[in-house]
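Here's the structure we're looking at; comments come further down.
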Amino acid sequence: MFFLKFTERVNKVLQIVLTAIFITMTLSTFLGVLVRFVFRALDIQVTFPWTEELSRYLMIWLVFIGASLAARTDQLISVEVLVHTLPRFIGIAIKLFSLLITFVFFVYLTLIGYELAFNQGFNQTSPILGIPMMIVFLSMFLGSILGMLNLIALYLESVFLKKDIRFTSMEEDSVE
Amino acid sequence: GGESGSTDNQSDSGNNGGGSGDSEQTFKFTSGHTTSVENQQHVGLVALAELLEEKSGGSITMDVFENSQLGSEPVMLQAVQDGSQHIVATSSTSVSNFIPEWGIFDIPFLFESTEQADEIVRGEVGDRLFETLPEHGYKGLAWLSSIERNIYGTKKIESVDDFKTATLRSIEAPGFVETFTTLGAQVVTMPGSELYTALQQGVVEGGDNSPELFLGLGHDEVSDYYNLTKIHYLPIAIIMSLDTWEALTPEQQDMVMAAAQEAAETGSAAYAQSYEESFIEMEELGVEVVNTDLTGIVEATKHLKEEMANNIPSGMELLELIESNK
Amino acid sequence: MAGTMLVIFLILFILSVPIAASLGLSSIWAIQLDGQSINIVGQKVFAGIDKFVLMAIPFFILAGNVMQNGGIARRLMNLASALVGWFRGGFGAATVLSTMFFSSMSGSSSATTAAIGSITIPQMEKKGVPKNYATALVASSGELGAIIPPSTTMIIYGFVANVSIGGLFLAGIIPGLLIGVSLIITFIILARVMGFDPPTKIEKEIWLKELWKAFKDAFWALMMPVIILGGIYFGYFTPTEAAVIAVVYGFIIGFFVYKEIKIKDLMNIFSKSAITSAIVLLIVGFSAIFSYILTVNKIPHAVGEMIVQLTGNPYLFLLLVNIVVFIAGMFMETAAAILIIAPILTPVATQFGIDPIHFGIIIIVNLAIGMVTPPVSLNLFLACKIANLRIEQLFKPMLLFLSVLIVNLLVITYIPAISLWILSL
Ligand code: NA
Ligand code: NA
């Protein structure tokens with residue numbers, strides 16, 4: 001199905017983006033450590049006060065992009081007692097309802113993210129890097145749009161491939 | 001958004017205090033600061049709460065949340081901007097994230113004493129800065145005392161040379177980072193809540209704060225020296241949400257303004273008293289107070305004054321205004 | 001407003017809406033019903049995750065996945081079984097011991113369970129340990145991942161309760177050892193009573209030789225906790241720095257020493273760790289707005305006063321806390337439970353004169369047990385998946401191990417020195 005294929009391709013790109021963010025975040029934080037231990041010991045006078053701020057902002061992007069990908073396989077942590085203890089039909093109904101609510105959640109986040117990025121983000125700059133905060137706030141806006149996309153894909157997959165949607169989250173490696 | 005605050009948000013403003021919709025609206029303000037209950041921020045805001053209730057005959061009340069319960073200063077400022085929080089007591093540095101002009105006080109050795117700083121800030125200079133606020137959705141109410149930030153920790157700083165071998169924690173403000181770096185120190189930025197452990201474990205050798213906050217945060221437990229480096233005097237302002245301000249009747253506005261002035265005096269007096277008491281307490285606690293030789297430090301950072309002022313919108317103008325008011 | 005929010009939250013929570021969404025939507029709707037602007041939601045969520053200390057979470061999760069892919073878990077198991085595998089119950093002991101080793105490198109208890117379980121359950125089965133006992137042991141000892149430092153749970157606790165994370169890390173060492181040792185003893189007694197996992201006859205010289213070989217092979221892996229904990233203990237670095245060093249170190253040994261990580265695995269390791277971190281941090285973010293509303297409405301204050309009125313006795317208070325947290329742990333995921341509970345209870349504990357680090361360890365140990373208490377029990381679920389068993393089949397052995405864990409919890413609760421002694425060194 002075209003939509004599922006499309007989402008799959010988008011997600012592949014997102015995985016690459018996520019990897020790039022995580023690697024940069026690691027290197028930037030590690031650079032901060034290097035400065036303190038190695039450069040200092042070698043008596044090299046440099047400071048990179050921006051490493052911490054950069055890493056933090058990358059982490060924020062990582063959270064919203066990562067969460068959108070987690071939505072695709074229903075990995076967002078929830079308490080599924082009712083879904084699995086009630087009869088199959090009711091369990092599926094509850095699961096579908098909870099996914100619908102999650103979709104509504106992403107709709108709200110898109111609106112809030114939009115307001116934050118395009119109205120408040122213009123007026124505020126980051127303390128160290130001096131970049132407009134819009135660049136950081138945009139993560140919520142974009143992440144939630146991608147999250148909605150993935151929720152639709154999850155729903156369509158269960159309809160067309162006749163998967164029992166209650167168990168999608170268990171097919172993946174579980175996480176804390 | 002900031003610009004819209006002064007005009008089209010009027011319709012929302014009734015919600016600020018859960019008003020009844022009558023002409024005589026009642027307000028319940030939320031206010032916050034990041035220090036503990038002994039500090040001038042708290043004393044000032046509590047005084048303001050009492051004055052408001054008293055003068056309004058109970059129609060205006062205010063809750064005061066201490067210890068960053070409502071978040072850091074920038075976070076509270078954001079909430080004040082859109083009116084979900086009503087009042088905040090904050091340092092100038094945090095405001096500079098929203099309004100760069102306020103970064104002027106991050107310039108090293110701008111003032112020579114708290115008295116001088118307070119006198120200048122409460123005059124023309126402070127008025128100029130308060131004028132920048134409404135455009136961003138704020139209303140400046142009053143100035144608490146400026147605080148004298150000194151460097152403390154496990155490193156004794158007797159002269160400019162001691163900076164060259166020091167690892168210092170700085171608040172996240174380019175003015176601070178640049179000053180310490182210029183002096184030759186290794187600079188680490190980390191949240192204030194991590195500084196205790198960082199000092200204890202030797203991750204950094206020093207941080208800076210005013211005497212009463214140094215003790216209030218318990219940093220004396222992990223410090224041997226309190227060095228009187230007197231590099232920064234940071235003004236503390238009481239700021240209100242413009243939405244909230246505009247929801248008040250002119251009479252209420254006058255009343256709030258008067259109450260804020262009085263509360264700021266009470267707060268400032270508390271700072272002055274705790275400043276003196278802090279040094280007595282330090283002596284009892286065995287923290288050595290070091291009379292740092294400032295000449296070399298002032299000399300080494302002299303060029304920063306204009307450099308930094310040039311990077312701040314109307315910075316040179318403000319700098320000249322400050323100098324001419326001395 | 002807070003009341004509305006709590007009711008909406010509970011309804012969504014029970015209807016299996018993701019916890020982050022339940023926290024977020026209940027806050028959003030409560031604010032809207034109160035007629036206020038929801039802009040504050042975005043601000044608080046960003047402020048909630050824009051924290052350097054929280055970065056230790058993705059880094060320790062990444063470090064754990066690097067280890068799992070780098071052949072480190074297997075080497076630790078080899079060392080542990082060379083060390084204690086020869087006596088009766090020795091393979092169970094080795095399982096717990098290797099879990100303890102791995103816990104000192106990994107920040108999460110589910111990563112620990114997954115890494116160790118897949119290697120140890122088949123090995124124990126070969127030694128005649130009933131599969132359900134082997135699986136229950138793996139699940140129970142997996143909780144050490146959150147108690148023996150580093151621990152993402154401790155990072156979250158330290159962050160919300162404003163307690164030193166480095167301090168929590170150190171305070172977790174002895175409780176972790178205590179639980180590990182008591183699980184080993186339980187298993188040895190069990191092996192004797194039920195007659196499985198028999199001793200292996202082995203010459204002393206051969207034993208020493210094998211031990212030396214296993215030790216050499218695991219040496220670079222074993223340096224990891226030395227670097228992490230030593231670095232924090234002696235003040236070289238903060239937990240976040242320790243975490244990033246763990247990542248870099250893990251990659252170096254995985255790539256160059258053990259040569260088990262391949263370039264093509266990289267994207268999978270990074271993106272999987274990123275998604276796991278995102279899931280946890282999203283909850284952290286939305287709990288920020290949720291607790292903000294609780295704070296502004298003075299709920300923690302009210303709860304605190306209520307508890308103080310209920311009892312003035314610190315011992316009784318701790319018992320009450322343990323019961324409440326245990327029930328929360330049955331139903332909730334650890335991070336979410338801490339984010340909601342810690343800001344409310346920690347100030348009350350301080351009023352009772354309880355050290356916040358000790359209190360943190362109590363909550364963390366309790367919630368770590370929650371990882372194996374149904375119905376929400378990630379470790380149990382993971383271990384069952386590895387062993388291909390159903391959770392009901394673990395009922396009997398879990399009852400035994402759970403009682404051991406609960407006794408440990410009570411000992412840790414009422415003897416503060418177990419947690420705090422190490423900090424006085
Ligand atoms: Na661990
Ligand atoms: Na549980």
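The values are calculated or read from the model by the stated rules, or taken from the named source; none is laboratory data. The structure displayed is predicted, hence computed values, not measured ones. With ideal geometry, Cβ positions are generated from the backbone for all residues, glycine too; neighbour counts draw on all protein chains shown. We work out accessible area using only protein heavy atoms, side chains counted, and drop any ligands, DNA or RNA first. Shrake-Rupley method; radii C 1.70, N 1.55, O 1.52, S 1.80 Å.
So which residues in the stretch C:31-73 are polar (S, T, N, Q) and at pLDDT 90 or above, if there are any at all? Hit for the stretch C:31-73 is C:Gln32, nothing else. Counting only residues that are over 17 Å from A:Ser139 (Cα atoms) and either at the interface with chain C (Cβ under 7 Å from one of its Cβ atoms) or open to solvent by less than 60 Å² (accessible area, probe 1.4 Å) (or both), the stretch A:87-115 holds 11 of them.
Considering every residue within the stretch C:75-93, establish whether at least one is within 11 Å of ligand 1 (Cβ to nearest atom) and either in a helix (DSSP H, G or I) or in contact with a helix residue (DSSP H, G or I) (Cβ under 8 Å, 6 or more places away or on another chain) (or both). No, there is no match, as no residue in the stretch C:75-93 is within 11 Å of ligand 1 (Cβ to nearest atom) and either in a helix (DSSP H, G or I) or in contact with a helix residue (DSSP H, G or I) (Cβ under 8 Å, 6 or more places away or on another chain) (or both). Screening the candidates C:Glu333, C:Glu305 for the property of being of a type in the set (Asp, Glu) and either facing chain A (nearest Cβ under 9 Å) or buried (at least 17 other Cβ atoms within 10 Å of the Cβ) (or both) yields one hit, C:Glu333. The criterion of at least 2 residues that are within 20 Å of C:Tyr157 (Cβ to Cβ) and within 16 Å of ligand 1 (Cβ to nearest atom) is met, among helices (runs of 4 or more DSSP H) falling completely within the stretch C:312-416, by C:334-351, C:356-370, C:378-387. Here B:Met316, B:Met308, B:Met255 are screened, and the one residue that is touching a Lys or Arg at 6+ places or on another chain (Cβ under 7 Å) and not in a strand (DSSP E or B) is B:Met255. Within the stretch C:128-146, residues that are within 14 Å of another protein chain (Cβ to nearest Cβ) and in contact (Cβ under 8 Å) with a residue 24 or more places away in the chain reach partners that are within 16 Å of ligand 1 (Cβ to nearest atom) and acidic (Asp, Glu) with beta carbons closer than 9 Å, at six or more positions or on different chains, in the pairs C:Gly145/A:Glu176; C:Ala146/A:Glu176.
Yes or no, residue by residue, for (1) within 18 Å of the chain's Cα centre (by Cα); (2) closer than 27 Å to C:Ser419 by Cα:
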{"residue": "C:Gly353", "(1), (2)": "no, yes"}
{"residue": "C:Pro356", "(1), (2)": "no, yes"}
{"residue": "C:Val365", "(1), (2)": "yes, yes"}
{"residue": "C:Gly370", "(1), (2)": "yes, yes"}
{"residue": "C:Pro375", "(1), (2)": "yes, no"}
{"residue": "C:Phe381", "(1), (2)": "yes, no"}
{"residue": "C:Leu389", "(1), (2)": "no, no"}
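Where strands (runs of 3 or more DSSP E) sit wholly within the stretch B:106-215, those with at least 2 residues that are open to solvent by 10 Å² or more (accessible area, probe 1.4 Å), away from chain C (no Cβ under 14 Å) and in contact with a helix residue (DSSP H, G or I) (Cβ under 6 Å, 6 or more places away or on another chain) occupy B:138-143. For the stretch B:226-233, the count of residues that are more than 14 Å from chain C (Cβ to nearest Cβ), assigned to a helix (DSSP H, G or I) and modelled with pLDDT of 95 or more is zero.
Applying the condition of being away from ligand 1 (no atom under 16 Å from the Cβ), among the hydrophobic types (A, V, I, L, M, F, W, C) and outside any loop (DSSP other than H, G, I, E, B) to the stretch C:106-138 and asking which residue is farthest from the chain's Cα centre (by Cα) yields C:Met124. For the stretch C:1-74, the helices (runs of 4 or more DSSP H) that sit wholly inside it and include 2 or more residues that are within 30 Å of A:Leu96 (Cβ to Cβ) and of a type in the set (Val, Ile, Thr) are C:2-14, C:19-33, C:39-49. Considering the conditions (1) of a type in the set (S, T, N, Q); (2) in contact with a Pro (Cβ under 7 Å, 6 or more places away or on another chain); (3) away from ligand 1 (no atom under 16 Å from the Cβ), C:Ser419 is excluded by exactly one of them, (3).
Quick grid of which residues meet (1) surrounded by fewer than 21 Cβ atoms within 10 Å (Cβ to Cβ); (2) among the basic types (Lys, Arg); (3) under 30 Å from B:Lys155 (Cα atoms):
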site	(1), (2), (3)
B:Lys230	yes, yes, yes
B:Pro235	no, no, yes
B:Asp254	yes, no, no
B:Gly267	no, no, no
B:Glu283	yes, no, yes
B:Thr295	yes, no, yes
B:Val298	yes, no, yes
B:His303	yes, no, yes
B:Pro313	yes, no, no
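Give the residues of the stretch C:78-88 that are at pLDDT 85 or above and of a type outside the set (S, T, N, Q), sorted by residue number. Answer for the stretch C:78-88, where residues must be at pLDDT 85 or above and of a type outside the set (S, T, N, Q): C:Leu79, C:Ala80, C:Ala82, C:Leu83, C:Phe87, C:Arg88. When only residues in the stretch A:23-56 that are within 8 Å of chain C (Cβ to nearest Cβ) and either on the phi > 0 side of the Ramachandran plot or touching a residue at least 12 places away in the same chain (Cβ under 8 Å) (or both) count, which is surrounded by the most Cβ atoms within 10 Å (Cβ to Cβ)? Step by step, filter the stretch A:23-56, then rank; the result is A:Thr29. Among the residues of the stretch C:258-283, those identified as open to solvent by 60 Å² or more (accessible area, probe 1.4 Å) and either more than 9 Å from chain A (Cβ to nearest Cβ) or more than 17 Å from A:Val17 (Cα to Cα) (or both) are C:Lys259, C:Lys262, C:Ile263, C:Lys264.
Run A:Ser78 past the list (1) in contact (Cβ under 8 Å) with a residue 24 or more places away in the chain; (2) outside any helix (DSSP H, G or I) and report the number of the one that doesn't hold. The number of the failed condition is (1). If you go through the stretch C:26-45 and keep only what is under 23 Å from A:Ile135 (Cα atoms) and surrounded by 23 or more Cβ atoms within 10 Å (Cβ to Cβ), you end up with C:Ile40, C:Val41, C:Gly42, C:Gln43, C:Lys44, C:Val45.
Annotation: of all residues in the stretch A:67-84 being hydroxyl-bearing (Ser, Thr, Tyr) and within 15 Å of A:Ile165 (Cα to Cα), the one that is farthest from the other protein chains (Cβ to nearest Cβ) is A:Thr73. Looking across the stretch C:341-377, the residues that are surrounded by 24 or more Cβ atoms within 10 Å (Cβ to Cβ) and within 16 Å of ligand 2 (Cβ to nearest atom) come down to C:Ile363, C:Ile364, C:Val365, C:Asn366, C:Leu367, C:Ala368, C:Ile369, C:Gly370, C:Met371, C:Val372.
For C:Ala288, indicate whether it is within 14 Å of chain A (Cβ to nearest Cβ) and more than 16 Å from ligand 2 (Cβ to nearest atom). Yes, satisfied.
Contact map, the stretch C:39-56: first residue at the interface with chain B (Cβ under 7 Å from one of its Cβ atoms), second residue charged (D, E, K, R) and open to solvent by 20 Å² or more (accessible area, probe 1.4 Å), Cβ cut-off under 9 Å, separation 6 or more or different chains; pairs are C:Asn39/A:Glu115; C:Asn39/B:Asp82; C:Ile40/B:Asp82; C:Gln43/B:Asp82; C:Phe52/B:Glu194; C:Val53/B:Glu194. Please indicate, with yes or no, whether at least one residue in the stretch C:313-328 is within 14 Å of another protein chain (Cβ to nearest Cβ), touching a residue at least 12 places away in the same chain (Cβ under 8 Å), touching a Leu at 6+ places or on another chain (Cβ under 8 Å) and within 14 Å of ligand 2 (Cβ to nearest atom). Yes. Here C:Lys385 passes the criteria (1) more than 27 Å from C:Pro416 (Cα to Cα); (2) within 13 Å of ligand 2 (Cβ to nearest atom) except the one numbered (2). Has the stretch C:162-171 got any residue that is within 19 Å of the chain's Cα centre (by Cα) and within 16 Å of ligand 2 (Cβ to nearest atom)? Within the stretch C:162-171, not a single residue is within 19 Å of the chain's Cα centre (by Cα) and within 16 Å of ligand 2 (Cβ to nearest atom).
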